[in-house]
Amino acid sequence: MIIQPVILSGGSGTRLWPLSREHYPKQLLPLTGDESLLQETVRRLDGVADESLTVNAPLVVCNDQHRFLVAEQLRKVGATGAHIVLEPVGRNTAPALTVAALVCQAEEKDPVMLVMPADHLIADSAAFHAVVRQGAAIAQSGKLVTFGIVPAAPETGYGYLRKGEPLSSHEANTESYSLAAFVEKPNLETAERYVASGDYLWNSGMFMMRASVWLRELARLQPTMAEACRAAFERGTKDLDFYRLDKAAFAACPSDSIDYAVMEKVCAGNEASSAVVIPLDAGWSDVGAWSALWEVGARNAEGNVLRGDVMTHNTQNCLVHADHRFVASVGVDDLLIVETADAVLVAHRDHAQDVKRIVEWLKAQGRGEGLVHRKVHRPWGAYEGIDVGDRFQVKRITVNPGASLSLQMHHHRAEHWIVVKGTARVTRGDDIFLLTENQSTYIPIGDKHRLENPGTLPLELIEVQSGGYLGEDDIVRFDDRYGR
């Protein structure tokens, strides 16, 4: 049997602002260790395969803006051969899963798809592997399988799944049930009743089903979505190592989740026995807010979760995360304190869900702190804003070994480059020359230019821009190896 992991990486993680931003969301961040949540999701697949199961390289569906970040993170964990499908606009999880199933169908294969969000934590990999193997056998028989988290408390922030009748022994050799119903997030009294009954599980957002089964059910229940996804896929194009869906067709697709589009309707219909839930007790968290990171983090004797250059005094049950500066707290309890280069968050743990309101306000005000960090990643490296004023801007630029910026020009700004470390190959007009440490050059307004790193070490330089307009959209590209 073949399992095709499908990793859905389209979220923006607004409740983990200021660390999570629209252009660098939580699944790409190392929140609990040295690797990102996406990388941990890929690593979680290690050990699933056995003598009867083959696990393919993952298929990742992600936002077009994140494509190079996703590709680089997959490369770093050895996920060679991974498919990366690019969504031009977000349309929720049901269309994302549909285009993944179409990729499988295009390769004339009908694997069991293991559908996982890219931004969850699972502490017990062995328990996860066990339920995946169990789910694969059930999904292979044509059923839609989901995993329900055994609740640790009456949580009001999660949806719930109601268990139906146990599957007979010939259908499953361990605990599994027909899926009776999906239940919306309850109030506290209702959640307490659910947990006490033993009949309810948290909705994990993880699924297993054969590609053909998903496409059949979607076409039956959501024909407009099915047609739009097929059009977006068939009109899509190969772009470097990515597959880019057709923007117009995908934008016309209805937006809906796997739960609402198919699973709830299957549970409510006559075919309810085709939906199955398997309990999972493996230290799961959806890392939906800073309070969740406090709950799963390693707490010290005072109940604090600390990361970075942090000092606390008379502080209890707080999360303090320092990215760039020394952060100290004195005489506070139950707070979330998160510092980044350009923003600081202070919130009570009980109000962690309200952090998304800040992102909504930033967007309404047209401010960039909800979109990007001060350090902006590019396929060739990164740049970081150092200073900005009237008619000037200073950036620190890092170019990866062997990487190259596009051949470009600007209508409104000139640039002065000073090499701090490494060697730069510079194209300026008709001239091509090398610069080494402490050397510099000047790029006048309107001159075609390119910056390359021909060396084996990162190139670092300071760029001083001057002119009447310094926006990133003042770039005319003539040649770009990254297809931008």
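The values are calculated or read from the model by the stated rules, or taken from the named source; none is laboratory data. Small disclaimer: the values here were computed from a predicted structure and weren't measured. No Cβ is skipped: glycine too gets one built from the backbone with ideal geometry, and neighbour counts run over all protein chains shown.
Taking segment 163-248 as the region of interest, the strands (runs of 3 or more DSSP E) fully inside it that hold 3 or more residues being crowded, with 18+ Cβ neighbours inside 10 Å are 177-183, 200-210, 242-244. Taking (1) small (Gly, Ala, Ser); (2) buried (at least 17 other Cβ atoms within 10 Å of the Cβ); (3) free of Cβ contacts under 8 Å to residues at least 40 places away in the same chain in turn, residue 404 satisfies each apart from (3).
Close contacts from segment 465-481, counting a first residue that is free of Cβ contacts under 8 Å to residues at least 60 places away in the same chain and closer than 16 Å to residue 443 by Cβ and a second that is charged (D, E, K, R) and buried (at least 16 other Cβ atoms within 10 Å of the Cβ), with Cβ to Cβ under 9 Å and a gap of 6+ residues or different chains, come to 469/413. For the residues 148, 78, the requirement of being touching a Lys or Arg at 6+ places or on another chain (Cβ under 8 Å) and either small (Gly, Ala, Ser) or free of Cβ contacts under 8 Å to residues at least 24 places away in the same chain (or both) singles out 148.
Identify, please: which residue in segment 364-392 is aliphatic (A, V, I, L, M) and part of a strand (DSSP E or B) and is, among those, farthest from residue 405 (Cα to Cα)? The qualifying residue farthest from residue 405 (Cα to Cα) is 388.
Here's a check for you: in segment 249-265, which residue that is of a type in the set (A, V, I, L, M) and surrounded by fewer than 21 Cβ atoms within 10 Å (Cβ to Cβ) is nearest to the chain's Cα centre (by Cα)? That would be 251. Please name all residue pairs, on different chains or six or more residues apart, with Cβ atoms under 7 Å, provided the first residue is in segment 4-19 and is under 18 Å from residue 121 (Cβ atoms) and the second residue is part of a loop (DSSP other than H, G, I, E, B) and hydroxyl-bearing (Ser, Thr, Tyr). Listed pairs, sorted by first residue: 13/20; 19/340.
For beta carbons closer than 9 Å, sequence separation of 6+ or different chains, a first residue in segment 246-260 that is within 30 Å of residue 147 (Cα to Cα) and a second that is surrounded by 16 or more Cβ atoms within 10 Å (Cβ to Cβ) and acidic (Asp, Glu), the qualifying pairs are 250/87. The residue list 85, 99, 89, 48 contains one member that is part of a loop (DSSP other than H, G, I, E, B) and either among the basic types (Lys, Arg) or in contact with a Phe, Trp or Tyr (Cβ under 7 Å, 6 or more places away or on another chain) (or both), which is 89.
Among all positions in segment 288-305, there is no residue which is assigned to a loop (DSSP other than H, G, I, E, B), in contact with a Phe, Trp or Tyr (Cβ under 8 Å, 6 or more places away or on another chain) and touching a residue at least 40 places away in the same chain (Cβ under 8 Å).
Among the conditions (1) among the hydrophobic types (A, V, I, L, M, F, W, C); (2) free of Cβ contacts under 8 Å to residues at least 60 places away in the same chain; (3) buried (at least 19 other Cβ atoms within 10 Å of the Cβ), residue 86 misses just one, which is (2). If we keep just the residues of segment 329-358 that are polar (S, T, N, Q) and in contact (Cβ under 8 Å) with a residue 60 or more places away in the chain, which is surrounded by the most Cβ atoms within 10 Å (Cβ to Cβ)? For segment 329-358, the residue satisfying everything is 340. Report yes if residue 159 is over 17 Å from residue 286 (Cβ atoms), at pLDDT below 95, surrounded by fewer than 19 Cβ atoms within 10 Å (Cβ to Cβ) and small (Gly, Ala, Ser), otherwise no. No; evaluated as a whole, the condition is false for this residue.
For first residues located in segment 117-139 and assigned by TED's automatic domain parsing to the domain that holds residue 207, partners that are surrounded by fewer than 20 Cβ atoms within 10 Å (Cβ to Cβ) and of a type in the set (S, T, N, Q) and lie 6+ apart or on another chain with Cβ distances below 7 Å form the pairs 120/285; 121/32; 121/285; 134/174. Considering 377, 410, 373, the condition of being farther than 30 Å from residue 345 by Cβ and either in contact (Cβ under 8 Å) with a residue 12 or more places away in the chain or surrounded by fewer than 16 Cβ atoms within 10 Å (Cβ to Cβ) (or both) is satisfied by 410 alone. Of everything listed in (1) out of contact with any Phe, Trp or Tyr (no Cβ under 6 Å at 6 or more places or on another chain); (2) outside any loop (DSSP other than H, G, I, E, B), the single unmet condition for residue 33 is (2). When the test is whether a residue is loosely packed, with under 13 Cβ neighbours inside 10 Å and closer than 23 Å to residue 25 by Cβ, residue 468 does not pass it. Out of 355, 346, which single residue is aliphatic (A, V, I, L, M) and either touching a Lys or Arg at 6+ places or on another chain (Cβ under 7 Å) or under 30 Å from residue 425 (Cβ atoms) (or both)? The unique qualifying residue is 355.
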